[in-house]
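Peer 1: Below are the structure tokens for one structure; questions will follow.
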Amino acid sequence: MAEYVIMPKLGLNMDKGTVVKWLVREGDIVKEQDEILEIETDKTVMPVEAQTSGVLRKILVAEGEEVPVTLPIAVIGDKDEDISKMIEEAYQKLGKSKIIEKNGSKIDKEVFPVTEEKSGMKLKKQKEESKKISPGARRKAKELGVEVQLVEGSGPGGVVIEKDVVSYCQNHKEIKVSPVAQKISERDGINLESIKGTGAGGRIMEKNVQEVLAKTAEIDKVEEKIPYTGMRKIIGDRLSQSKFTAPHLYFTVSIDMTNVIALLKRYNRDREKRISINDFLIFAVAKVLSEQPAINCSLIDEEIVYHKVVNIGVAVALEEGLIVPVLKAANQKGVTQLSQEVRELIKLARERKLMPEDYQGGTFTISNLGMYGIENFTAIINPPEAAILSVGEIKKMPVVTEESEKIEIRSMMKATVSVDHRLIDGATAATFLKQVKDYLEFPESLIL
């Protein structure tokens, strides 16, 4: 019996996924648990396994398309099984039209978004659907006044593509152009076929060519344009929602890291895998969060949830955007174990090999931009968490020490905590940050 392949939901915050690559083709035999495609979530690229065995009868969503979770993206069934009703229902859910032969056993490959209402254009639409035509070719045919049904296609499977329309126009339509416009086009290499004239009878005038030149000059100033989709868009949408929904409150302190640097220098002296300052920072923050659970909370389904376990997210910058793998039960681990786990999670994140459980369940996040020379910044809270700590560069600065009341050169670092004021009061946030400062300025107290 035929079954749908659906866009899986791989995380609590995942509502859409993008098909990156189909690993099998229509007509291929697949077995249960075979990897049949790759999808992109807001965090990573993941393979999707078949949940049943059979023949991949129909691919409903092309590579590059973004689809809400749980919607059908393909059909697996028996070789001769009638799946026409399943395809019709799937296309309705996906907002697409379809062409089904009378026997219902074969489906045309061309799929068009449903954009027209049923009207007197129905016969014309049916005629157009009998030929496979790309959306770009339709737009170009309309622009040049070409009857698209007369154009022969050179694309895969005979599909009519944009260049076919342009070529047809060159061979079958006389271009009307003024002498001045003709001269300018020859001088600057302008393709007249792509210009819609505004003169009498569609004649291309000088101003039409000049407009094209102006647009070309504007485009030449742009190095690159890429779609605002995939991970970048999902991250942007989520953080925008966080920023404009949760009232952010910020607190900043300067922390003397001189003693931490000295302690780690002694500790790492004879070790192959060294403990970093960031590892020690995570260790200290986990300790404070276990002591002050009012910070270690989340807003989930209109309820404030206080967590017993401390799961710290570590922000990692990728080219596509920011990803936050999570150190589970950080408050129950020593600094050496935390260091090993941080190193492995960052490696998996950069290789795009994180599993969903590796970046889910965070209760607090640390974002460290000190290695980029950033002295201080305020981070946006990663929902559903209620707080995030942003850490800047450690710099040597002249400081008046409390003990000696003398000016000394110390290694100073600024740290800012952003909290959701709906869940966390200012005094609670200030107490948290003060305790982090105390532990880092007197690191021996963490291990005594």
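Peer 1: Take K434 and K21, extend 7 Å from each Cα along the Cα→Cβ direction, and tell me the distance between the two endpoints in nm.
Peer 2: Calculated label separation equals 5.5 nm.
Peer 1: Same structure, new question: Helix 179-188 versus the longest principal axis of the chain: what angle, 0 to 90°, nearest 10, using Cα atoms?
Peer 2: 40
Peer 1: Multiplying the sequence separation of N259 and K176 by 0.36 nm and subtracting their Cα-Cα distance, what value in nm do you get?
Peer 2: Separation in residues times 0.36 nm, less the Cα-Cα distance, equals 21.8 nm.
Peer 1: Another question about this same structure. Provide the per-residue ³J(HN,Hα) series for the range 398-404, in order, calculated from phi with Karplus coefficients 6.51, -1.76, 1.60 and θ = phi - 60°, each as a whole number of Hz, with x at glycine and proline positions.
Peer 2: Whole-Hz 3J(HN,Hα) from phi for the range 398-404: x, 9, 7, 7, 5, 5, 9.
Peer 1: Let me ask something additional. When DSSP assigns beta bridges and you keep just the ones with both residues in the range 230-447, what percent turn out antiparallel, to the nearest 5?
Peer 2: For the range 230-447, the DSSP antiparallel bridge percentage is about 80.
Peer 1: Return the inverse of the average 1/r over all pairs of distinct C-alpha atoms in the range 284-370, which is the Kirkwood hydrodynamic radius, in Å to one decimal.
Peer 2: Computed over the range 284-370, the radius equals 13.5 Å.
Peer 1: Relative to a virtual label point 7 Å from the Cα of R274 in the Cα→beta-carbon direction, which members of the range 377-400 show backbone nitrogen distances below 20 Å?
Peer 2: Hits in the range 377-400 for R274 at 20 Å: 392-397.
Peer 1: Say a paramagnetic label sat at a point 7 Å from the Cα of S404, along Cα to Cβ; which residues of the range 258-293 have their backbone N under 20 Å from it?
Peer 2: It comes to 258-263, nothing else.
Peer 1: Over the Cα atoms of the range 230-447, each weighted equally, I'd like the Debye log10 I(q)/I(0) at q = 0.10, 0.15 Å⁻¹, rounded to two decimals.
Peer 2: Ignoring solvent entirely, the Cα scatterers give -0.43, -1.00.
Peer 1: Work out how much length V305 to K396 would gain on full extension: take 0.36 nm times their residue separation and subtract the Cα-Cα distance, in nm to one decimal.
Peer 2: Result: 28.7 nm gained on full extension.
Peer 1: Compute the helix-to-body angle for 162-172: its Cα long axis versus the longest principal axis of the chain, expressed 0 to 90° and rounded to tens.
Peer 2: 30
Quick note: the coordinates plus some simple rules give every number you see, no bench work behind them. Everything numeric in this text was worked out from a predicted model, so none of it was measured. For neighbour counting, all protein chains shown are included, and Cβ atoms are generated from backbone atoms with ideal geometry for every residue, glycine included.
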